[in-house]
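All remarks here apply to the structure that follows.
The values are calculated or read from the model by the stated rules, or taken from the named source; none is laboratory data. None of these values were measured; they are calculated from a predicted model. All Cβ positions, glycine included, derive from the backbone under ideal geometry; neighbour counts span all protein chains shown. Quick note on the areas: whole protein, heavy atoms, side chains included, nothing else; ligands and nucleic acids left out. Shrake-Rupley method; radii C 1.70, N 1.55, O 1.52, S 1.80 Å.
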Amino acid sequence: MTEAQVETKQFQAETRKVLDIVINSLYTERDIFVRELVSNAADALEKFRHQSLIEKVEFDAHVPLEITIDCDDKAHTLTLTDTGIGMTKEELETNLGTIAHSGSQHFFEHLAEAAKKDVNLIGQFGVGFYSAFMAAKNVRVQTRSFSGEEGFEWASDGGGTYTISSCPGLHRGTKIILELKDDAQTYASKFTIERIIQQYSTFVPFPVKVEGKLVNTVQAIWTRSKAEITEEEYTEFYKFIGNAGDEPLYRLHFSADAPLAINALVYVPKENFEVLGMGRMQPGVNLYCQKVLIDQHSENILPEWLRFLKGVVDSEDLPLNISRQSLQDNALVIKLRKVLAKRFIKFLGEEAERDADKYLEFWKTFGIFIKEGVTSDFEHRGDLGKLLRFESSASEPGKMISLDEYVGRMKDGQDKIYYINGPSRGAVEYGPYVEMFKKRGVEIFYTLEPIDDFVLNHLGEYSGKKLVSADRADLHLPESTESNVDAGTKESGEPLEAEALQQLCAWMKEILGERIAEVKASSRLVESPAMIVNVDGYMTSSMERLLKASGQSEAFGMGMKKDMELNAASPLIKKLAVLRASDASFAGDLVEQLYANAMIQAGLLVDSMEMVQRNYRILERAAGE
Ligand code: ADP
Ligand code: MG
């Protein structure tokens, strides 16, 4: 081949970084590069098998689907060959020169961190191919697409560039030739390679031959009966299908004949890669039909919020030659999705009952997906309520309970489930909203994540009981059964009389103007002098905060209406009523400060500079004139 036919290209900057991490920080567990390359070969074979069911492939149609591995300990090379779908020149450049999911800023930090912690994680990052450079000083990829277009060779030493040149006369598929590093000669030994294949790749659904000898038994574990499968096999299969190094948290293997023939084996991993800053996860369940892979990482087979699951779903009812495009609105697939989601939700419910602590572990890692399900999946919303967990006034700090537990403890005459949002349990417990709940012994959920109010708002009700935020204006708590004391009377002496209170309210409303719809007497404050409540039925302060932060508050203008409630028994309020007559200007400062404090307790923003100035005026008075 002449020089002129060789094109030299730069790796995308992100790819160079990945290469750098792979080459410089990964010394242990090098073996996994074999797994990554075999898994790519298997993917390519699956893609070809499915493609050939959709269209008639003329070129090289007779070539059997398999992976062959050759070791040459004289030339110091390891060669992996597959007869899969192959790559065109263009595909070579995009697939092996750029990185698909490198969007997030944190990607590389996490990759480097993960790589140090456990090299096994590298496959999860969609950069498995580059692990070849852990063992090779030079990698050549010769490939020919199933379309029959002439082949090309990609070559690189893992530095900043790679070359592409034409490579005529290839069969369909891809050959990867690794020129091994001096300290990686063991990979030129067939014994090493056989051992690694047996360790990592036993589930590859195509024959893998090392030096001509078949080293795996091709099997579809999910179609076998549960009783025959060992724990080890299940775990190994999880590692294979999830490209994972850890062990799964949960496993669900089930078969059904009606309404559809289904064999499904799905796993919940231990880690949530989405919260690790890696951006949105790809779905992890593959769709098979009679053991033929139809749709890898299928977006259609489960609702989006179940994208954290790994595994396989196989249904004989699907037509084998269905194209990936037509899966989306295929009636059978839609039905399948419904059955699977229902079954998995039921499974989680059972697991939660069987081992509540383990379920809480699941909830801490994956609860965010269940919440997403409540807000986005109308069909399963009702069932998902059972799976939610929050802290409550009756739970130990850090311990979360279910809506069922709450409902089971509800007081006589209580027909609503209450919740209040706050940044932490401490902040909520110090706030004004829970005072009357404490006093009357009514349990209240503490929703400590910003998104929680949206979730409960979408859920609307549970077990026939409305879900209500405690910062609503029209809250009517069940009467106390122990003693029928009214707000504040015992603790703080006589409340301000009705008329004086009314005048105070009217005057405060004048000062606060449009910021407040109404200032009025509270029937539920015990200690605090004042609080902000939301007039609109569905809007809570926490939701308002989120909408403001995302710049969407304008659209919800009507929902922002709030009242300020006053505690008529509070000494401060009583004194304020007097002060108003003697020093209206200073009393006005106090009104502003009361409002600011109440807003802060509602988690809402106030002008802090103005508040500091006012605060100095108040402090000056307090220090004595
Ligand atoms: P991932 O497998 O997670 O996509 P990799 O870094 O392992 O990431 O591979 C990148 C891409 O290169 C693959 O998605 C595939 O398109 C392509 N590729 C790698 N190996 C092969 C192969 N043997 N045959 C065909 N395509 C391949
Ligand atoms: Mg891969």
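A quick yes/no check of all residues on (1) in a helix (DSSP H, G or I); (2) modelled with pLDDT of 90 or more; (3) over 26 Å from residue 449 (Cβ atoms); (4) acidic (Asp, Glu):
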residue: 510; (1), (2), (3), (4): yes, yes, yes, yes
residue: 519; (1), (2), (3), (4): no, yes, yes, no
residue: 524; (1), (2), (3), (4): no, yes, no, no
residue: 564; (1), (2), (3), (4): no, yes, yes, no
residue: 575; (1), (2), (3), (4): yes, yes, yes, no
residue: 580; (1), (2), (3), (4): yes, yes, yes, no
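The number of residues in the stretch 408-446 that are surrounded by 19 or more Cβ atoms within 10 Å (Cβ to Cβ) and free of Cβ contacts under 8 Å to residues at least 24 places away in the same chain comes to 1. Tallying residues that are of a type outside the set (Val, Ile, Thr) and assigned to a loop (DSSP other than H, G, I, E, B) within the stretch 222-239 yields 2.
Residues considered: 294, 301, 334. Of these, the only one that is in contact with a Lys or Arg (Cβ under 8 Å, 6 or more places away or on another chain), without any contact (Cβ under 8 Å) to a residue 40 or more places away in the chain, assigned by TED's automatic domain parsing to the domain that holds residue 257 and aliphatic (A, V, I, L, M) is 301.
Of the residues that sit in the stretch 229-239 and are more than 16 Å from ligand 2 (Cβ to nearest atom) and touching a residue at least 12 places away in the same chain (Cβ under 8 Å), which one is most open to solvent (accessible area, probe 1.4 Å)? Among those residues, the one meeting the criterion is 236.
The condition of being part of a loop (DSSP other than H, G, I, E, B), free of Cβ contacts under 8 Å to residues at least 60 places away in the same chain and open to solvent by 30 Å² or more (accessible area, probe 1.4 Å) holds for only one of 219, 198, that being 219.
For the stretch 461-476, the condition of being assigned to a helix (DSSP H, G or I) and of a type in the set (A, V, I, L, M) holds for none of the residues. The one condition from (1) closer than 26 Å to residue 202 by Cα; (2) in a loop (DSSP other than H, G, I, E, B); (3) open to solvent by 20 Å² or more (accessible area, probe 1.4 Å) that residue 51 does not meet is (2). The set of residues from the stretch 326-349 being of a type outside the set (A, V, I, L, M, F, W, C) and within 22 Å of the chain's Cα centre (by Cα) comprises 337, 338, 342, 343, 346, 349. Within the stretch 231-240, identify whether any single residue is within 26 Å of residue 339 (Cβ to Cβ) and within 16 Å of ligand 1 (Cβ to nearest atom), and answer yes or no. Yes: the stretch 231-240 contains one or more residues that are within 26 Å of residue 339 (Cβ to Cβ) and within 16 Å of ligand 1 (Cβ to nearest atom).
For residue 38, are the conditions met, namely being within 16 Å of residue 218 (Cα to Cα), modelled with pLDDT of 90 or more and within 16 Å of ligand 2 (Cβ to nearest atom)? Yes. Inspection of the stretch 2-15 finds a residue satisfying the criterion of being touching a residue at least 40 places away in the same chain (Cβ under 8 Å), open to solvent by less than 50 Å² (accessible area, probe 1.4 Å) and assigned to a helix (DSSP H, G or I). Within the stretch 135-155, being more than 13 Å from ligand 1 (Cβ to nearest atom), open to solvent by less than 40 Å² (accessible area, probe 1.4 Å) and in a strand (DSSP E or B) holds for 136, 153, 155. Inside the stretch 75-103, residues that are open to solvent by 30 Å² or more (accessible area, probe 1.4 Å), at pLDDT below 75 and either more than 10 Å from ligand 1 (Cβ to nearest atom) or in a helix (DSSP H, G or I) (or both) make up a count of 1. Among the numbered conditions (1) without any contact (Cβ under 8 Å) to a residue 40 or more places away in the chain; (2) more than 18 Å from residue 616 (Cα to Cα); (3) of a type in the set (A, V, I, L, M), the only one that residue 584 does not meet is (2). Residue-level check: of (1) outside any helix (DSSP H, G or I); (2) within 16 Å of ligand 1 (Cβ to nearest atom); (3) in contact with a strand residue (DSSP E or B) (Cβ under 7 Å, 6 or more places away or on another chain), residue 205 misses just (3).
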